[in-house]
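The values are calculated or read from the model by the stated rules, or taken from the named source; none is laboratory data. Given the structure is predicted, the values throughout are model-derived calculations rather than measurements. Positions of Cβ are backbone-derived with ideal geometry, glycine not excepted, and every protein chain shown enters the neighbour counts. The area values use the complete protein model at the heavy-atom level, side chains included, leaving out ligands, DNA and RNA. Shrake-Rupley method; radii C 1.70, N 1.55, O 1.52, S 1.80 Å.
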Amino acid sequence: MIAEELITDKGVSAGDEWITVPAPRLREAMAALKEDGYRLLVFLTCVDHLADASKEWPARFELLYEVRDMEKLRDLRVRAFVDGEPPEIDSVHDLFPPANWDERETYDLFGVVFSGHPELTRILMPDDWVGYPLRRDYPVGGEPVEFSEEHETWLTPPPEA
Amino acid sequence: MGLEDLVDSLGQNVLTTTVGKVIGWGRGNSVWPAQFGLACCAIEMISTATAGVDIARFGSEAMRASPRQADLMIVSGRVSQKMAPILRTIYDQMPEPKWVISMGACASTGGVFNNYALLQGVDKVVPVDVYIPGCPPRPEDLLNALMILQERIKAQGIVTR
Amino acid sequence: MSIEDASGQGVTITQTGERGAFGGELLTVNFGPHHPSTHGVLRLIVDLDGEQVKRVKPVIGYLHTGIEKQMEALRWQQGVVCTDRHDYLSPPINNLAYALAVERLMGVEVPPRAQALRVIMCELTRLSSHLVWLGTSGIELGAMSVLMYCFRERDTIMDMNEEISGFRMHTSYIRPGGVMADATPRFFDMLAKFVREMPRHIDEYEDLLTMNPIWRSRTIGIGRLAPEVAKVVGASGPMIRGSGIAWDLRKVMPYSGYENYDFEVATNDGCDCYARYLVRIQEMREAVKILGQALDRLPDGPVNVDDRKMLPPPREELETSMEAVIHHFKLFTEGYSVPPGDVYVAVESGRGENGCYIVSDGTHKPRRVKFRSASFVNLQALERMALNHMIADLVAIIGTADTVLGDVDR
Ligand code: SF4
């Protein structure tokens, strides 16, 4: 069972259960969940909450780990919030093998550093790429298109937010 | 004079034409594409080669695995920033004279993806002879493009590019 | 180990200086990214001891399209077109994952007829995806003629797609709030004929391959993935079912009314490439069964939710009602907004668990869209499957893993 003090917040979002754990103790929490039967890491990703007015966010980057118990058929989403430049969190690739590439992808696209990862290099973008494309302050890029809406850079949220 | 005599005597006849026309005729009817697919359009390229529309009717069924044996590069799909240098190398490896068909919206302009990751049109790295619109173009569209290209090759005659 | 930069050549070879079991030197061979048998733009760096594979390192990203970023720039209803294009062999299934996710956040439920039409489209797609897989894998292992047969039936499916949505591959037929439009009577005629004839065609493919000695010797015992390993690496779809585990999201976590259909989960205990082939063939038969049932019990009624905030009003209303005009205008100028929150929806595609995770910040564009792709995870198992096999078998292993590079790189 995952210890109570590891859970700082919990709830249900559109039918999916989630818990928040403190980022420095993520590994501990994930190991406990694995003991608890959540053996499979479905995916791991990151959300950039820069200029997100929908809620008070504890930090800019939210890391999400969706774990699944294949016997009891239950899913759980684990959130951890990190800040800083670069944002840093422990790697879980040895607990959950599929995390290996997922962590590399998150590093590639968000610049989140997973300490303890054996080979944290770019995976989707070319090795010499500068910047982390999926951050909200990174422009979409491409070329301007005439007679269309301007490409937004999202440094500011849309007015009705 | 019976029909047989006529046929017999035809073999003795002489036609006058220019060398350029003969070469153009030969080249135009045996365009060998390089076999490589990039994305969704490649699936429609495969279906062009199958029995339904049958590209063999136009002498282009011999998809060559090596660029050194190919005359035609069909850029079938989106070209990412990571793939672009490789695409150019493949083009450079093909012997002259060579032609390029840009198949689909992505290869021609970037398509629906106007963003950082994609090359906004393959004509930034290789010269394109025929563009095909569509996402993906129908197999018939590819055949049509091939026929347009054949007309051009035949008209070009002995001149290389 | 020195690895030369991708030269664009199909294969380059470098000497590593390491010694193999037989005293020879390990060679590093670079496959791809342009190589006729890597199923797209996959690049593999393989270390060989003689002909034996000792290490495989896939290098991906050659088809990275920035779809996730692109969707953040598009409105909720525009994003559907991007979902078609990441796993390009199963567009409606990806549409469904996205549509279900948006609907769950909005708290709407589509009418039964829409659900049934969605199931029909998904199963047709599963068939066409497996057909492309069968044809191209056949070519890679030297069975040229299978491709011709498979694409004949695929073309029939494409014609049906065209009839129902107006487009062959990227239909965008399934949308948040329902489907694009109701199917035409001609579509149902075509479907009925297809359901009648398809089982015979599947027999044809089996005649060509199942007992074919070359096919058998190239696939049996090749690329073993033990059940425990399959679970640990997170494999899904035919990869895990080919290892004898009956894990199918349509059964274990039903969505879109799959619980109402009677079908078996195809499994096989072989754990090898041949087992995965048999699983896919069996899945095609089951898909035809589901299609037949869906056709028989297709409910009547609307195909879209009745929510003017989400979908445009019918054309007739525009002429009489001012409110309808306003809704129409709002929808097409700024789109609808989705309540804040996040949701993950997983569906079973031809390759395994394809999921869509979306985060909304309450605006008319998504904050984050993430696709959990089956190919991305399955490809990580490649090294474990290929170890100590001959280099020629690597092609069979990649082939039967059925990775779609668009799905891996997104
Ligand atoms: S044009 Fe369309 S079908 Fe072709 S590669 Fe681009 S997205 Fe895919």
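Taking only region C:43-68 into account, find how many residues are charged (D, E, K, R) and either without any contact (Cβ under 8 Å) to a residue 60 or more places away in the chain or facing chain B (nearest Cβ under 8 Å) (or both). Don't jump to the end; show me each part of the working.
From region C:43-68, those charged (D, E, K, R) are C:43, C:47, C:49, C:51, C:54-55, C:57, C:68; that's our starting set.
If we keep only those that are either without any contact (Cβ under 8 Å) to a residue 60 or more places away in the chain or facing chain B (nearest Cβ under 8 Å) (or both) too, we end up with C:43, C:47, C:49.
Matching residues across region C:43-68 total 3.
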Considering C:D248, C:D272, C:D262, which residue is open to solvent by less than 10 Å² (accessible area, probe 1.4 Å) and in contact (Cβ under 8 Å) with a residue 24 or more places away in the chain? C:D248
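Scanning region C:291-327 for residues that are among the small types (G, A, S) and either touching a strand residue (DSSP E or B) at 6+ places or on another chain (Cβ under 8 Å) or touching a residue at least 40 places away in the same chain (Cβ under 8 Å) (or both), which turns out least open to solvent (accessible area, probe 1.4 Å)?
Initially, region C:291-327 is screened for residues among the small types (G, A, S), giving C:292, C:294, C:301, C:321, C:324.
Subset that is either touching a strand residue (DSSP E or B) at 6+ places or on another chain (Cβ under 8 Å) or touching a residue at least 40 places away in the same chain (Cβ under 8 Å) (or both): C:292, C:294, C:301.
On the way: C:G292: 18, C:A294: 3, C:G301: 41 Å².
The extreme case among them is C:A294.
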Filter region B:109-118 for residues that are open to solvent by 20 Å² or more (accessible area, probe 1.4 Å) and either modelled with pLDDT of 90 or more or under 30 Å from B:I153 (Cα atoms) (or both); which is farthest from the ligand (Cβ to nearest atom)? B:T109
Which condition breaks for B:W99 when tested against (1) touching a strand residue (DSSP E or B) at 6+ places or on another chain (Cβ under 9 Å); (2) within 15 Å of the ligand (Cβ to nearest atom); (3) in contact (Cβ under 8 Å) with a residue 40 or more places away in the chain? (2)
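Sort out which residues of region B:97-128 are part of a loop (DSSP other than H, G, I, E, B) and farther than 12 Å from B:M73 by Cα, and write them in order of number.
Listed by number, the residues that qualify are B:G110, B:G111, B:V112, B:F113, B:N114, B:N115, B:Y116, B:A117, B:L119, B:Q120, B:G121, B:V125.
Pick from region C:386-410 the residues that are within 16 Å of the ligand (Cβ to nearest atom) and among the acidic types (D, E): which of them is farthest from C:A374 (Cα to Cα)?
Residues of region C:386-410 within 16 Å of the ligand (Cβ to nearest atom): C:404-410.
Checking the rest, the ones that are also among the acidic types (D, E) come to C:407, C:409.
Working: C:D407: 8, C:D409: 11 Å.
Among residues in region C:386-410 that are within 16 Å of the ligand (Cβ to nearest atom) and among the acidic types (D, E), the one farthest from C:A374 (Cα to Cα) is C:D409.
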In region B:30-43, residue nearest to B:Q69 (Cα to Cα) [restricted to those that are more than 11 Å from the chain's Cα centre (by Cα) and more than 7 Å from every other protein chain (Cβ to nearest Cβ)]: B:A42
Look at region B:1-59 and say how many of its residues are out of contact with any Asp or Glu (no Cβ under 9 Å at 6 or more places or on another chain), touching a residue at least 40 places away in the same chain (Cβ under 8 Å) and not aliphatic (A, V, I, L, M). 10
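Being of a type outside the set (F, W, Y), over 20 Å from C:M158 (Cα atoms) and open to solvent by 10 Å² or more (accessible area, probe 1.4 Å): is that true of B:A65 here? Please lay out each step first, then the result.
On the way: of a type outside the set (F, W, Y): yes; over 20 Å from C:M158 (Cα atoms): yes; open to solvent by 10 Å² or more (accessible area, probe 1.4 Å): yes.
For B:A65, the condition - of a type outside the set (F, W, Y), over 20 Å from C:M158 (Cα atoms) and open to solvent by 10 Å² or more (accessible area, probe 1.4 Å) - is met.
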With the requirement that a residue be within 16 Å of the chain's Cα centre (by Cα) and of a type outside the set (A, V, I, L, M, F, W, C), what does region A:3-41 give you? A:T20, A:P22, A:P24, A:R25, A:R27
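Could you identify the single residue in C:R118, C:R113, C:R75 that is over 20 Å from C:G301 (Cβ atoms) and either in contact (Cβ under 8 Å) with a residue 60 or more places away in the chain or among the charged types (D, E, K, R) (or both)? Before you say what the answer is, go through the steps one by one.
Numbers: C:R118 fails: over 20 Å from C:G301 (Cβ atoms); C:R113 fails: over 20 Å from C:G301 (Cβ atoms).
Matching residue, one of C:R118, C:R113, C:R75: C:R75.
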Members of region C:69-94 found to be open to solvent by less than 10 Å² (accessible area, probe 1.4 Å), more than 13 Å from the ligand (Cβ to nearest atom) and either within 10 Å of chain B (Cβ to nearest Cβ) or not in a loop (DSSP other than H, G, I, E, B) (or both), listed by number: C:K69, C:M71, C:E72, C:V80, C:P92, C:I93
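Tell me the residue from B:R88, B:R152 that is away from chain C (no Cβ under 11 Å) and either within 15 Å of the ligand (Cβ to nearest atom) or part of a helix (DSSP H, G or I) (or both), please. If you could, list the steps in order and put the result at the bottom.
On the way: B:R88 fails: away from chain C (no Cβ under 11 Å).
Checking each option against the conditions leaves just B:R152.
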Can you confirm whether C:G355 is on the phi > 0 side of the Ramachandran plot and either touching a residue at least 24 places away in the same chain (Cβ under 8 Å) or crowded, with 22+ Cβ neighbours inside 10 Å (or both)? no
Apart from one, (1) within 14 Å of the chain's Cα centre (by Cα); (2) open to solvent by 10 Å² or more (accessible area, probe 1.4 Å) all hold for A:A80; the odd one out is (2)
If you check B:S47 against the conditions, is it within 11 Å of chain C (Cβ to nearest Cβ), within 16 Å of the ligand (Cβ to nearest atom) and under 13 Å from the mean Cα position of the chain (by Cα)? no
